[in-house]
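One structure is given here, and the rest of the page talks about it.
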Amino acid sequence: MRHFTSEKGFAAILVVSLLPCLLAGLFLVAVLMSFMQTDLELKHHCRSGGLSGQASVRPLLMSLLALNPVATTLKIQETAVLAKLAVAVSSGNVPAITTLKAQLAKIRQKRQELDLRQKQLIQQSNLLLARNHGSTAFDIRSRAQNLKTQFFFLNLSLRVLHEEAPRLAVHPDSSDVAPTYSPEESFETRQALAHRWQYRLTPRGPLAYFLAGSFQFDKACAVTLTKDARGWKTLITKGKYSLKSVW
């Protein structure tokens with residue numbers, strides 16, 4: 001009987017001694033779940049902003065690339081008229097020279113107008129990307145201000161790391177007026193609306209007794225455009241970041 005009582009007493013002592021550890025473990029699980037929920041919320045807003053931004057740029061990119069056949073046709077027409085004009089000048093054919101010069105002026109006027117339209121589409125795209133990038137970064141910073149009130153048992157800081165806003169990732173085939181435009185190499189990476197932020201967590205109070213030190217986590221999200229058989233579409237991607245930091 002004494003042996004049984006002794007075992008019960010030992011078990012009770014063991015449970016009491018382990019209770020702080022068990023409570024700390026449950027406490028830590030609650031902290032991590034709350035932290036993950038906050039991080040998922042930030043990523044949701046980041047991705048939502050990126051998807052919206054790329055969706056607004058997509059029709060402009062498509063319009064720009066759709067002008068390539070017109071640019072090619074006008075370039076061919078100008079080259080052909082210049083060749084005919086050279087022959088007319090060498091032969092002294094004044095009526096032909098007058099006619100061809102008029103044709104050349106019209107073609108060059110069309111090329112100038114096309115060049116202006118192309119540049120407007122690129123400029124408008126860059127402006128939309130910059131605005132979206134800035135507003136999404138502001139949204140992330142604003143939501144980060146509430147984090148400290150959500151974690152009474154942690155010193156938590158969030159720093160939004162600087163990222164440049166992307167520009168429309170296309171390049172001209174020449175420096176001539178009204179060139180054709182093509183997506184750049186590594187288009188998806190260059191086009192991405194990307195953001196990074198960094199958490200630093202330092203346990204305090206009773207939690208610091210079981211979990212000492214500081215912990216740092218780098219997070220990121222990126223949204224870009226990609227092309228498949230059905231055309232251009234938005235895509236959540238890892239961009240230039242590691243898959244671990246993005247997801």
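The values are calculated or read from the model by the stated rules, or taken from the named source; none is laboratory data. The structure presented is a predicted model; accordingly, all values stated were derived computationally and were not measured. In this analysis, Cβ positions are derived from the backbone assuming ideal geometry, glycine residues included, and neighbour counts consider all displayed protein chains. Accessible surface is based on the protein model in full, side chains and every heavy atom, while ligands, DNA and RNA are left aside. Shrake-Rupley method; radii C 1.70, N 1.55, O 1.52, S 1.80 Å.
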If amide H atoms are modeled at 1.01 Å from N in the peptide plane, then the residues at a separation of 5 or more from N155, or on another chain, having amide H under 5 Å from its own are T202, R204
The distance between the Cα centres of the stretch 91-148 and the stretch 38-81, in whole Å, is 11 Å
Other-chain or far-sequence residues with amide H under 5 Å of H171's (modelled H)
S182, E184
Carbon/sulfur accessible area of the stretch 45-136, % of total, 1.4 Å probe, equals 62 percent
Straight-line reach check, K43, cutoff 13 Å on alpha carbons, 8 or more apart in-chain or any other chain, hits among aspartates and glutamates -> D139, D218
So, R0 is 30 Å and r is the distance between the beta-carbons of Q120 and L82; what FRET efficiency does that work out to, to 0.05?
0.65
Simple label model, 7 Å out from Cα along Cβ direction - A102 to S175, nm:
3.5 nm
Give me the one-decimal nm value for the distance between modelled label points at F217 and V94, 7 Å along each residue's Cα-to-Cβ direction.
8.5 nm
For a 25 Å ceiling on Cα separation, which of these pairs sit above it: K75/K233; K119/K233; K119/K238; K84/K119; K75/K227?
K75/K233; K119/K238; K84/K119; K75/K227
So what does S182 come to for accessible area, using a 1.4 Å probe and Å² rounded to 10?
50 Å²
Working out 0.36 nm times the residue gap between S56 and L40, then minus their Cα-Cα distance, what length gain in nm do you get to one decimal?
3.3 nm
For the stretch 170-181, what does the Karplus curve 6.51 cos²θ - 1.76 cosθ + 1.60, with θ = phi - 60°, yield as ³J(HN,Hα) per residue in whole Hz, taken in order and with x for Gly and Pro?
10, 9, x, 7, 7, 8, 5, 5, 6, x, 8, 10
